[in-house]
Amino acid sequence: MTLQDKINNIKSQFADAVKGLSLTKKEVSDIKNQFLGRKGSVAQLFNEMKNLPPEDRSQAGKELNILKSELSTKIDNLLHAAADDSTSSLESSIDPTLPGDFIPVGSIHPIEKTIQEIKNIFGAIGFNSVYGPEIDDDYHNFEALNIPHYHPARDMQDTFYITDDVVLRTHTSNTQIHVMEEQQPPLRVIVPGRVYRNEAISVRSYCLFHQIEGLYVSKNVTFAEMKGTLEYFVKSFFGQNVKTRFRPSYFPFTEPSAEVDVSCIFCKGSGCKTCKQTGWLEILGCGMVDPDVFLKVGYDSEKWSGYAFGLGIERMTMLKYGIDDIRLFFNGDVRFLRQFR
Amino acid sequence: MIISIEWLRSLVDFDLNSQDLADLLTAGGTEAEPGGESIIKLDLTPNRPDCMSHLGVAREVSVLTGSKLKRPEINLSKSDTKVDDSFSIEIANDNECPRYAARIVRNIKVGPSPDWMSSRLEAVGIRSINNVVDVANYVLMELGHPLHTFDLKLLQGNKIVVRLANDGEKIVTLDNEERTMNNHHLLICDGKKPVALAGIMGCANSEVTESTTDILIESAYFDPITIRRGSKSLDLATEASKRFERGTDFEGLITALDRTAELLSELAGGDIDRGILDAYPNKILNEKITLQADKASELIGCTIDEKFINKTFSALEISCKKTKNGFSALPPTFRPDLKRDIDLIEELARVYGYGTIPSDFQYDGNLTEIKVDPLKHVAELKRFLAGIGFNEISSNSLMNSKRAALFEDNILEVQNPLSNEMSVLRPSLLPGLLRSIKYNLNRSEPNLALFEHGIVFAADKKAELGKVESEHLTGIVCGQRNPQGWRSGDEPYDLFYLKGVIESLADFINVTLTDISEAKKSLLFNNEQIASVNDNVMAQIGAIRTDQLKGYDIDIPLFGFSINLDFITTMMAETSRYQPVPQFPAIVRDFTFSVANHIQAGEIEKLIKQKGTDLLTKVELVDLYAGEQVSSDNKSVSFRIKFESKERTLTDTEIDKISESIIQVTENKLGAKLR
Ligand SMILES: [Zn+2]
């Protein structure tokens, strides 16, 4: 008798043993012993393996293991069936309206969600994500961005100082300078991060918020390209039907500069409280990188051009989800946080 | 800045209501909103001081509509008195005051202004006082140049001296405040005393009163930085200082002076001395700008033709000549923001209309290597934590200094905090988490699992900029993980839960924890445990220190964890190689030991691992029991041990042998009895 024959034998014996029977737990356990017990028929076959020539043993072992697991699966099933049998009266009394085992799920902060979404949108068109320091020197936060001391533009941003020369960054634009100091063009980066403004806390403003700065420097970059890219962003973030409006503005480190508005997502442009009846919502600032900024970082402005933009994450998130109080982001109220998965 | 539409109409013709006018200006870069039918409100950017007047806004309207600008005509009636005979102007610091011009008007009668003037002033929010004060304000609002009027009889020594103040010098300004000067402040003095804080505010000692008859009108150009610095240091911003610090028209100041004199003599009946006192030691150069022919088109991204350039420059009063390669342009003196070709391109772009510029969206591939987001793995980690029930929070980085001191020693302080509650930068994420825990407990949310990822700060004199920023990920739990249900009892958030989180996390990032045990010295937490992989700390867990709870008034147990982000993200970035699926069945054996209560489960586990040979692949503690079945000083501990071989099918005999040695060693070393 070959090993295979013996295996087949056991299989048919097993089939006979369980055939047509509604087995009790005890009966199944006896069958288990008979086949899979320490002295059962499968164990005997394992013992016989040592009589085989060494080169055949590994194959035999494999086949026996398959047999063993096959039988034990069948026996497990029988055991379950037997158990169910004995509790059938309980089963029929189970109340199917009882709740399931709820597993509490946590949440990702809405600001983080927005940042990740924006990173994905710009990541798809080749913008790398980089990060910069939250505390920086006056040079990187102001001076290198064409905002010297006693420049009226400093009034646009109330600043927290650590020392006379070290500030809590007022925008992620400081990282533009760091990136350009470390890297030669062409480059395309976005910089998400926390920024600080010395402003009293209210429904509309907080002493800190998050921004994403974007910077693209290459050859022959145009204002038209900046428009196209930011329109792509707006549509990706707010939806295909949202309209975009560019209007001239002023930032010391871009020229020409623009403010970008989107058609109000609440009233679809017809005018409501959120858009102050204008039909438009201001969402970001942008512009062509000022040649003086290139000069500061040692780029040749005759050779390179580029655009930069900055947008407020809280504002984008508030608009997207209709959140009306910026403080909700920062007080850690789980009843708020749980709404963002 | 408020603009009266009626006043504006006197300077330019337009057929627009206030809303349309505001929209037109906004589209041109001067953000405006209507304030009813008769005024518009401008939100000016600091680069456009030229728009801080009705004439400037009228010019914008003219540029954007093509309608002609109507400048006010000035007709001076001159008397025989020649001004120079009686009075002189000395500029001691011509960097701070490059030009100082004045006219003298005599024999005026101070009285009320006519209605047309007072109503225009009131429309833009200025209270009418008397004809002298009103004229100066009127010209300020009309032409944008600040003027100052002195009572000539109160000026001693027949002269004006412009000089920097001495440190500690005291003056009393028009608002009756005594102000102490430093040597950056610029003063207007007569022969004896300061009579005005240049460019910011006059002094009470030379103010025009009801009885004034002779007036000196000042129209000057002050260095913007000097005025800005003075105004900032005194925290005193006025209509005048706001214009001087942005840059005023160093040529147009004469027009403003003439206009003031004209209106004064017309409304207060005075005689204007012949001639202007004009101290202008070094003529300010207004430099030509070269604009290459195609540069505007290239940067904007569409064709900006010569015709458009000429038309636009002409409306903007930029005189422009065609040259071989492009244009040579001389900007007007009221536009301090136009210095470079790019500034002219911006003018062209905004007048062309940002809406008219086409959109161009062509993605030209990656410029450089794609860099993996350094926070890619942190994002996965956050997803993991959210998946097992943690809520991510974002808390204020600014906090109370006393509270911060409970967490770290080297606290970084803010020089100009908003309040005591926000005077230092957070040295740890724990205080923000605790604040949130407290906030939620107060709102009947007792079961909390929170984490935050963010930057924490330390002061360090030796570090660059005197600070160190570190990225942390920290969490806190309290209450019940799974509030009691019909199938299970309470499952508390506690140290063992957190230990499990860290073990699962290790599993998630595919590393094997080599140790998770009581720290030799608790730093972050009470009963701190450190999870490590080889010698790398992966995480710290423990109970929140009671000393750090001071002031929070929380009386339930809190447990926290802190993750070593560097280590975890490094491990996550590594690709773990595929391991062959086991081909031979495993043998699983359960062992239940009865041991003395003081024996730690970990000691037994360690021995099991030692004796388990390399066939042992897993040890799990599956039951722990103390009670009737065991004697009172004993406990029963069950382990499930898995044996596996990659090469062969294991026999019961060999596993029996290993089991024996495990049973023996635990008995010999720990007195454990197999049950
Ligand atoms: Zn709306």
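Determine, yes or no, whether A:D324 is away from chain B (no Cβ under 12 Å) and within 16 Å of the ligand (Cβ to nearest atom). Here the answer is yes, as A:D324 does meet what is asked.
Of note, B:T649 satisfies the criterion of being in contact with a Phe, Trp or Tyr (Cβ under 6 Å, 6 or more places away or on another chain), open to solvent by 20 Å² or more (accessible area, probe 1.4 Å) and under 27 Å from A:L36 (Cα atoms). Considered as a group, the residues in segment A:256-282 that are β-branched (V, I, T) and surrounded by 22 or more Cβ atoms within 10 Å (Cβ to Cβ) include one that is farthest from the ligand (Cβ to nearest atom), and that residue is A:V260.
Being open to solvent by 50 Å² or more (accessible area, probe 1.4 Å), within 7 Å of chain A (Cβ to nearest Cβ) and hydrophobic (A, V, I, L, M, F, W, C) narrows it down to one of B:L412, B:L385, B:L448, B:L418, so name that one.
Result: B:L418 is the single residue among B:L412, B:L385, B:L448, B:L418 that is open to solvent by 50 Å² or more (accessible area, probe 1.4 Å), within 7 Å of chain A (Cβ to nearest Cβ) and hydrophobic (A, V, I, L, M, F, W, C).
Among the residues of segment A:283-316, those identified as assigned to a loop (DSSP other than H, G, I, E, B) and either open to solvent by less than 70 Å² (accessible area, probe 1.4 Å) or within 16 Å of the ligand (Cβ to nearest atom) (or both) are A:D290, A:G298, A:Y299, A:S301, A:W304. Just one of the listed residues (B:L434, B:L406) is open to solvent by less than 10 Å² (accessible area, probe 1.4 Å) and in contact (Cβ under 8 Å) with a residue 60 or more places away in the chain, namely B:L434. Sub-8 Å Cβ pairs linking a first residue in segment B:307-324 that is in a loop (DSSP other than H, G, I, E, B) to a second residue that is of a type in the set (V, I, T) and at pLDDT 95 or above, at least 6 apart or interchain, are B:L316/B:V63; B:L316/B:V351; B:T323/B:T290, ordered by first then second residue. Of the set (1) within 11 Å of chain B (Cβ to nearest Cβ); (2) on the phi > 0 side of the Ramachandran plot; (3) away from the ligand (no atom under 14 Å from the Cβ); (4) open to solvent by 40 Å² or more (accessible area, probe 1.4 Å), all apply to A:G332 but (4). Within segment B:357-380, the set of residues being open to solvent by 60 Å² or more (accessible area, probe 1.4 Å) and more than 7 Å from every other protein chain (Cβ to nearest Cβ) comprises B:Q362, B:D364, B:E369, B:V372, B:K376, B:E380. Just a yes or no: is a residue in segment B:266-276 under 20 Å from B:K82 (Cα atoms), of a type in the set (V, I, T) and not in a helix (DSSP H, G or I)? Among the residues of segment B:266-276, at least one is under 20 Å from B:K82 (Cα atoms), of a type in the set (V, I, T) and not in a helix (DSSP H, G or I), which makes the answer yes. Could you figure out which of (1) assigned to a helix (DSSP H, G or I); (2) surrounded by 21 or more Cβ atoms within 10 Å (Cβ to Cβ) isn't true of A:I212? Unmet condition: (1). Residue check: A:V203 meets all listed conditions (1) in contact (Cβ under 8 Å) with a residue 12 or more places away in the chain; (2) of a type in the set (A, V, I, L, M, F, W, C); (3) surrounded by fewer than 23 Cβ atoms within 10 Å (Cβ to Cβ); (4) under 23 Å from A:W304 (Cα atoms) but one, namely (4).
In segment A:210-217, is there at least one residue being within 16 Å of the ligand (Cβ to nearest atom), among the charged types (D, E, K, R) and in the same structural domain as A:V179 (by TED's automatic domain parsing)? The answer is no, given that none of the residues of segment A:210-217 is within 16 Å of the ligand (Cβ to nearest atom), among the charged types (D, E, K, R) and in the same structural domain as A:V179 (by TED's automatic domain parsing). Across segment A:238-248, what is the total count of residues that are facing chain B (nearest Cβ under 9 Å), of a type outside the set (D, E, K, R) and open to solvent by less than 20 Å² (accessible area, probe 1.4 Å)? Final tally of qualifying residues: 2.
Taking the criterion of being assigned to a loop (DSSP other than H, G, I, E, B) and at the interface with another protein chain (Cβ under 8 Å from one of its Cβ atoms), the residues of segment A:186-198 that qualify are A:P186, A:N198. Of the residues making up segment A:7-66, those that are over 27 Å from A:H80 (Cβ atoms), in contact with a helix residue (DSSP H, G or I) (Cβ under 7 Å, 6 or more places away or on another chain) and assigned to a helix (DSSP H, G or I) are A:M49, A:R57, A:A60, A:G61. Between A:T114, A:T170, the distinction of being more than 9 Å from every other protein chain (Cβ to nearest Cβ), in a helix (DSSP H, G or I) and polar (S, T, N, Q) belongs to A:T114 only. Within segment B:506-519, the set of residues being out of contact with any strand residue (DSSP E or B) (no Cβ under 9 Å at 6 or more places or on another chain) and free of Cβ contacts under 8 Å to residues at least 60 places away in the same chain comprises B:D507 only.
Taken over segment B:244-273, the criterion of being in contact with a helix residue (DSSP H, G or I) (Cβ under 8 Å, 6 or more places away or on another chain) and small (G, A, S) is satisfied by B:G247, B:G252, B:A256, B:A268, B:G270. Within segment A:145-158, the presence of at least one residue that is more than 24 Å from B:L450 (Cα to Cα), open to solvent by 30 Å² or more (accessible area, probe 1.4 Å) and acidic (D, E) is confirmed. Looking only at residues of segment A:238-255 that are charged (D, E, K, R) and within 15 Å of the ligand (Cβ to nearest atom), we find that the one that is farthest from A:L295 (Cα to Cα) is A:K243.
A single member of B:K606, B:K635, B:K646, B:K642 is charged (D, E, K, R) and under 18 Å from B:D515 (Cα atoms), and it is B:K606. Among residues of segment A:219-237 being open to solvent by less than 20 Å² (accessible area, probe 1.4 Å) and in contact with a helix residue (DSSP H, G or I) (Cβ under 8 Å, 6 or more places away or on another chain), the one that is nearest to the ligand (Cβ to nearest atom) is A:F237.
The values are calculated or read from the model by the stated rules, or taken from the named source; none is laboratory data. The structure displayed is predicted, hence computed values, not measured ones. Note: ideal-geometry Cβ built from the backbone for every residue, glycine included; neighbour counts use all protein chains shown. For accessibility, only protein heavy atoms count, side chains too; no ligands or nucleic acids. Shrake-Rupley method; radii C 1.70, N 1.55, O 1.52, S 1.80 Å.
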